[in-house]
Amino acid sequence: MRFVAPSRAALDRGVLRRPPLAAWSEAADWITATAFPSVAELNRGWDQPWRFVEQTLQLLADGLHYETRIHARAEIATRADNWHDFFNALIWRRHAPVKAALNRRQVAEIARMGDKQRSRAQCALTHFDEGGVIVVLREPGLLARWDAHDWRGLFWDAREAWDDGRIRVEVFGHALLEMALVPDKLITGKAVAVLDENGAAMPAALTALAAAIDAGRLLNDPQELRALPISGIPGWHAANGDPAFYDAAECFRPLRAGRVYPAPLRVP
């Protein structure tokens, strides 16, 4: 069933005070406004070669694939008054190097596969682009709990780790931000795990992530991505202050038999 985000008028403002939306302080005025910013406003103050352009019938008449247009013309087609595309613009503004790496890989795959077929790599790139989460961990033991789908162990028993820096999280997928507009919605992301035992620094992890995507060392298959129910992160869902939440909520699924996750990305 296709997800439909609430209108700005119908938005429960409480979601804006809770992660992940609360993490977007630099865009708070746009997020909380009664109307969407124009394309011109989205471009303002963004010192990058790409530009957001309104997706109109005239624009689409060029016949270019969405990804090809970004690569060839540095134009990011953006629908007006649309939460999904608005959040995509915010991700571009904050994480342009990673978005650009995804785009270069997508264009290379389109050249290889054509417009009618999609490779496993294209699926992985799209899943991460739409629903991606970057998780930087300082302790291998936390990763072991995650890989075993020990949700109570990861989110409840190790609750302090989410506050003291042993785990750091950055929501990258714009579809996840859109879903977060609905109060109490159970949300699961497609995560890349980064192990950095020297300090769990998110900027370094993002640089390593962009380089790995560009080099084709990452996101070649959807099975590389780890499920992460972000609703379990302390403070991210109203119900997760009760340990029973991790046993009952539908998003906390057991590890499927035979499922093995790849080694985490490491920060050089």
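Every number here is computed from the coordinates shown, using simple stated rules; none is lab data. Predicted model, so just to flag it, every value in this text is computed and none were measured. Please note: Cβ atoms are built from the backbone with ideal geometry, for glycine as well, and neighbour counts cover all protein chains shown.
Calculate for the chain the 222 nm mean residue ellipticity that helices alone would give, adding -39,500 (n - 2.57) per DSSP H run of length 4 or more and normalising by residue count, nearest 500 deg cm²/dmol.
Working: 12 runs with 99 residues, N = 268.
Helices in the chain give a 222 nm mean residue ellipticity of -10000 deg cm²/dmol.
Projecting the Cα positions of F252, N220, P234 onto the charge dipole of the chain (unit charges on Cβ atoms of Lys, Arg, Asp and Glu, taken about the Cα centre) puts N220 furthest along the positive direction.
Among the trypsin sites (Lys or Arg not before Pro) in segment 39-70, those located in a DSSP loop and surrounded by at most 12 other Cβ atoms within 10 Å of their own Cβ are R44. Pairs of Cα atoms in segment 27-94 fall into 5 Å distance bins, from 0 up to the last occupied one, in shares of 3, 17, 30, 26, 15, 7, 3 percent.
Largest first and in whole Å, what are the equivalent-ellipsoid semi-axes of the chain based on the Cα gyration tensor, each being the root of 5 times an eigenvalue? Kindly include the intermediate steps, with their values, before the conclusion.
Working: eigenvalues 180, 110, 58 Å².
Over the Cα atoms of the chain, the ellipsoid semi-axes are 30, 23, 17 Å.
Spin-label model, A238 to T32: label points 7 Å out along the Cα-to-beta-carbon direction sit 2.0 nm apart.
Note on S25 and T207: their simple-model spin labels are 2.3 nm apart, each label 7 Å out from Cα toward Cβ. Principal axis extents of the C-alpha atoms in segment 126-266 (largest first, rounded to whole Å): 42, 32, 30.
Subtracting the Cα-Cα distance from 0.36 nm times the residue separation, let me have the gained length for R104 to D47 in nm, one decimal.
On the way: separation 57, 0.36 × 57 = 20.52 nm, distance 1.97 nm.
Net length gain for the segment: 18.6 nm.
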